[in-house]
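What follows is a set of notes on a single structure, which appears directly below.
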Amino acid sequence: MPSEQWTHPEPGEGPAAIAAQPSPEQVIAGLRATSEGGAELTQLLTPEGQRIPSEQFDSYVADVDDEVLRNLYRDMVLVRRADREANAMQRQGQLGIWVPLLGQEAAQIGSGRALGPRDMAFPSYREHGVAYARGVDLRDLLGIFRCTDHSGWDYQAHRFHPYTIVIGNQVLNAAGYAMGQKFEGKVGDDDGEATICYFGDGATSQGDVHEGFVWGAVYDAPLVFFCQNNQWAISEPTERQSRLPLYQRARGYGFPGIRVDGNDVLACLAVTRWALEQCRHGNGPVLIEAFTYRMDAHTTTDDPTRYRLSDELEEWKLKDPIERVRAYLARGGGADHDFFDGVQAEADEFAAQLREHTFNMPEPPPDRIFANVYAEPSPVLDAQREEYLSYLDGFATAGEH
């Protein structure tokens, strides 16, 4: 049996290798496919900025002209600049922690811009680009990392749920929400609704994710599982978690899986539009594995130099998601130096606004922690609030005696 059969046993190509008894060559091929893009990688824009035609996906980006690409480029530049500014502010003690997205801008902007106004997004804790694409003011987002808010935006208005810190838990939440969309008859045509749920490669080792796969599949929920495979679950590489590429796991649950170049904003846009269309028409869930790379630390408490080589980082710098769009626009005359300089100036101003907001962010009053806990008044919670405030008042009056 050829080693490639273990890597991607497609229907009609013969029996798959027995999972318990793969040959050494099959294991090696499978492991290599978890850390390299592989032949299955869907790509529309190369790292050099060259357009690749796709019979399956070109129709999903038929409306993407130079103006749309300029907007996608602008989105990614602004989000990256905001990310770098927040990272610096954490180092200066203005934020308690920061979760960088450096290198994952295309996966987040491409998929975020594919969402329709009625679709719902469930993030983990790194989806700053998706938040931006859904119209969330990033100043509202910073309160989470300054430890003054859980979320500062109206998640129903933006169709973007609060961040989830517990690894993989948002997948169950998203599955339940998507099941509700199905039960309420909000799927079945072009006007249908869908849900997208974001998680990382490390989360695929959590039971919550697999339970979400089961529930989504059983109920044909209109749910796009969007896995940002950035190669590292903190310090553990993907090949330590899976023998097979992550997108192939979908087959075991009975729904399609696809791997897309997560550094290609055009491909991410096209593949996500396709997946959402499948969901809206009632065809059940889809798993997207966005094959990308985390260019910075897992969080600002992490030191990636302790577990990965600098050569690997340098290799992925050549696949930068922003530079390939810049190269495409510059080569084809879709943008000039004035445009690029203008976007950078706008990004610097955007970062300055975030910085000013953070430095002047007011401290919330103590009773804030009791607000918005329940939809209806709670006598028990009211009593707890009064007891806590009375306790704090005791410190204020202690010096008077």
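The values are calculated or read from the model by the stated rules, or taken from the named source; none is laboratory data. Everything quoted here is computed from the prediction, not taken from an experiment. No Cβ is skipped: glycine too gets one built from the backbone with ideal geometry, and neighbour counts run over all protein chains shown.
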* Structure fact -> Counting only residues that are farther than 29 Å from GLN231 by Cβ, among the aliphatic types (A, V, I, L, M) and in a helix (DSSP H, G or I), the range 175-215 contains a total of 1
* Failed item, numbered, when ASP149 is tested on (1) out of contact with any Lys or Arg (no Cβ under 6 Å at 6 or more places or on another chain); (2) acidic (Asp, Glu); (3) over 25 Å from VAL373 (Cβ atoms) -> (3)
* With the checklist (1) over 15 Å from the mean Cα position of the chain (by Cα); (2) in a helix (DSSP H, G or I); (3) in contact (Cβ under 8 Å) with a residue 12 or more places away in the chain; (4) within 28 Å of ALA221 (Cβ to Cβ) in hand, flag the one item HIS150 doesn't pass. => (2)
* Considering only residues that are surrounded by fewer than 15 Cβ atoms within 10 Å (Cβ to Cβ) and assigned to a loop (DSSP other than H, G, I, E, B), look in the range 24-51 and name the one that is modelled with the lowest pLDDT. => GLU36
* Can LEU389 be described as among the aliphatic types (A, V, I, L, M) and not assigned by TED's automatic domain parsing to the domain that holds LEU78? -> yes
* Spot the failing condition for TYR198; the list is (1) of a type in the set (Ser, Thr, Tyr); (2) in contact with a Leu (Cβ under 9 Å, 6 or more places away or on another chain); (3) within 29 Å of VAL68 (Cα to Cα), and only one is missed. => (2)
* Structure fact -> LEU172 passes all but one of the listed conditions (1) farther than 30 Å from ARG324 by Cα; (2) over 14 Å from the mean Cα position of the chain (by Cα); (3) part of a loop (DSSP other than H, G, I, E, B); the exception is number (3)
* **Residue satisfying condition, being of a type in the set (S, T, N, Q), touching a helix residue (DSSP H, G or I) at 6+ places or on another chain (Cβ under 7 Å) and touching a residue at least 60 places away in the same chain (Cβ under 8 Å), within set THR195, THR204** => THR195
* Filter the range 330-351 for residues that are exposed (fewer than 12 other Cβ atoms within 10 Å of the Cβ) and of a type in the set (Gly, Ala, Ser) and give the result. => GLY333, ALA345
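Would you call PHE145 over 25 Å from PHE225 (Cα atoms) and assigned by TED's automatic domain parsing to the domain that holds ASP190? Spell out the reasoning first.
Numbers: over 25 Å from PHE225 (Cα atoms): yes; assigned by TED's automatic domain parsing to the domain that holds ASP190: yes.
For PHE145, the condition - over 25 Å from PHE225 (Cα atoms) and assigned by TED's automatic domain parsing to the domain that holds ASP190 - is met.
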* Determine if the range 243-252 includes at least one residue that is among the polar types (S, T, N, Q) and either at pLDDT below 95 or part of a helix (DSSP H, G or I) (or both). => yes
* To do: Specify the residue that is surrounded by the fewest Cβ atoms within 10 Å (Cβ to Cβ); the eligible residues are those in the range 360-393 that are under 16 Å from HIS150 (Cβ atoms) and charged (D, E, K, R).
  => GLU363
* Structure fact -> Residue pairs qualifying under the 9 Å Cβ cut-off, at least six apart or on distinct chains, with the first in the range 68-85 being more than 12 Å from PRO321 (Cα to Cα) and the second being surrounded by fewer than 23 Cβ atoms within 10 Å (Cβ to Cβ) and among the polar types (S, T, N, Q), are ARG81/GLN344; GLU85/THR358
* For the range 267-290, state whether one or more residues are crowded, with 21+ Cβ neighbours inside 10 Å, β-branched (Val, Ile, Thr) and not in a helix (DSSP H, G or I). => yes
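For the condition surrounded by fewer than 24 Cβ atoms within 10 Å (Cβ to Cβ), out of contact with any Phe, Trp or Tyr (no Cβ under 6 Å at 6 or more places or on another chain) and under 21 Å from GLN228 (Cα atoms), what is the one hit in ARG118, ARG113, ARG91?
On the way: ARG118 fails: under 21 Å from GLN228 (Cα atoms); ARG91 fails: under 21 Å from GLN228 (Cα atoms).
Just one listed residue meets the conditions, ARG113.
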* Name the pairs: first residue in the range 314-335 and touching a residue at least 60 places away in the same chain (Cβ under 8 Å) and farther than 19 Å from ASP296 by Cβ, second residue β-branched (Val, Ile, Thr) and assigned to a helix (DSSP H, G or I), Cβ to Cβ under 8 Å, at least 6 apart or on different chains? -> VAL325/VAL265
